[in-house]
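One structure below.
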Amino acid sequence: MKLKMAENSIFAVLLRSPWWISIAVAGGVFLLARWLLAKFSEIPDIYALFVPLPFVVIGVYAGWRQLRAPSEARIAARLEALRAMQWDEFSGAIEEAYRRAGYAVARIAGGPADFELEKAGRKSLLACKRWKAMRTGVEPLRGLHAAAQARDAQECLYVAAGEITDAARAFAAQKGVHLVHGAELATLMSTR
């Protein structure tokens, strides 16, 4: 069983925020704990150092992740390079990227999905034929979702290097279609 943090917990919010916010919260928690210990307890002030430790750990981890994240310029350049690829080159690269991530990858001929991925007993369908499209609407996502239901796949992945419409995002959120685009796509394909 994989543990998952609640999306709106304070630690999840701090992980999505700049690292220095967690460190500032840790400083505030330390000062509050020190004041409370001095005012209402006989416990030495030194123990106030342990109270903000979770916030310091979150801040360090968030900072490490933010340092490793590609810059906006690198993401844009990588997406342009992906859009310049021909289908054979792109499909080979995406296939290799998912293999490196530990998936068993099988190509699917025809239909809305291009690959069937399997990892840890979970089957996923991946569609990426329209990765160059400037705007992705709902229709290709509907087709992928229907194909996933027909093949008893637990997950759908849709790759897009262009813009995704609000309606498509809403459909993906409602039906559980994972959109692989932007920074995620650039990171996935950057280790080629």
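No lab work stands behind these numbers, since they all come straight from the coordinates. Note that the structure is a prediction, hence the values are computed from the model and not measured. In this analysis, Cβ positions are derived from the backbone assuming ideal geometry, glycine residues included, and neighbour counts consider all displayed protein chains.
Could you work out which residue, out of G110, G176, G92, moves most in a Gaussian network model of the chain, that is, has the largest mean-square fluctuation with Cα springs under 10 Å?
G110
Out of (1) 43, 19, 15; (2) 41, 20, 14; (3) 31, 18, 16, which label holds the value of semi-axes √(5λ) of the Cα gyration tensor in Å that was computed here?
(1)
Report, to the nearest 10°, how far helix 53-68 tilts away from the longest principal axis of the Cα atoms in the chain, using its own Cα long axis and a range of 0 to 90°.
40
Calculate the FRET efficiency for D45 and D166 from the Cβ-Cβ distance with a Förster distance of 45 Å, rounded to the nearest 0.05. Let's see the in-between values first.
Working: r = 52 Å, r/R0 = 1.16.
Calculated transfer efficiency: 0.30.
Report the dimensions of the range 21-131 along its three principal axes from the alpha-carbon atoms, largest first, rounded to Å.
73, 37, 20
How big is the charge dipole of the range 72-189 about its Cα centre, in debye rounded to the nearest 20, if each Lys and Arg gets +1 on its Cβ and each Asp and Glu gets -1 on its Cβ?
Working: 17 positive and 15 negative charges, 24 e Å.
With Lys and Arg at +1 and Asp and Glu at -1, about 120 debye.
For the chain, what does the helix formula give at 222 nm: sum of -39500 (n - 2.57) over DSSP H segments with n ≥ 4, over the residue count, nearest 500 deg cm²/dmol? Spell out each step's value before the answer.
On the way: 8 runs with 102 residues, N = 192.
-17000 deg cm²/dmol, from helical runs alone.
In the chain, what percentage of the DSSP-assigned beta bridges are antiparallel, given to the nearest 5?
Numbers: 9 of 20 bridges.
Counting DSSP beta bridges with both partners in the chain, the antiparallel share is about 45 percent.
Amide H neighbours of I164 under 5 Å, at least 5 residues apart or on other chains, H built in the peptide plane: list them.
So I164 has HN proximity to T136.
Pop the C-beta distance of H178 and W35 into the FRET formula with R0 = 41 Å and round what comes out to the nearest 0.05.
On the way: r = 46 Å, r/R0 = 1.12.
The computed FRET efficiency comes out at 0.35.
Got a sec? Charge dipole of the range 48-192, +1 on Cβ for Lys and Arg, -1 for Asp and Glu; which of A120, A48, A148 is way out at the positive end?
A48
Which net charge results for the neighbourhood of R142, defined as the other residues with beta-carbon distances under 14 angstrom from its beta-carbon, given Lys and Arg at +1 and Asp and Glu at -1? List each step's numbers first, then the result.
On the way: positive: R130, R169, K175; negative: E139.
Neighbourhood net charge equals +2.
If you fit an axis through the alpha-carbon atoms of helix 72-84 and take the longest principal axis of the Cα set of the chain, what angle between them do you get, 0 to 90°, nearest 10?
Around 10 degrees separate the two axes.
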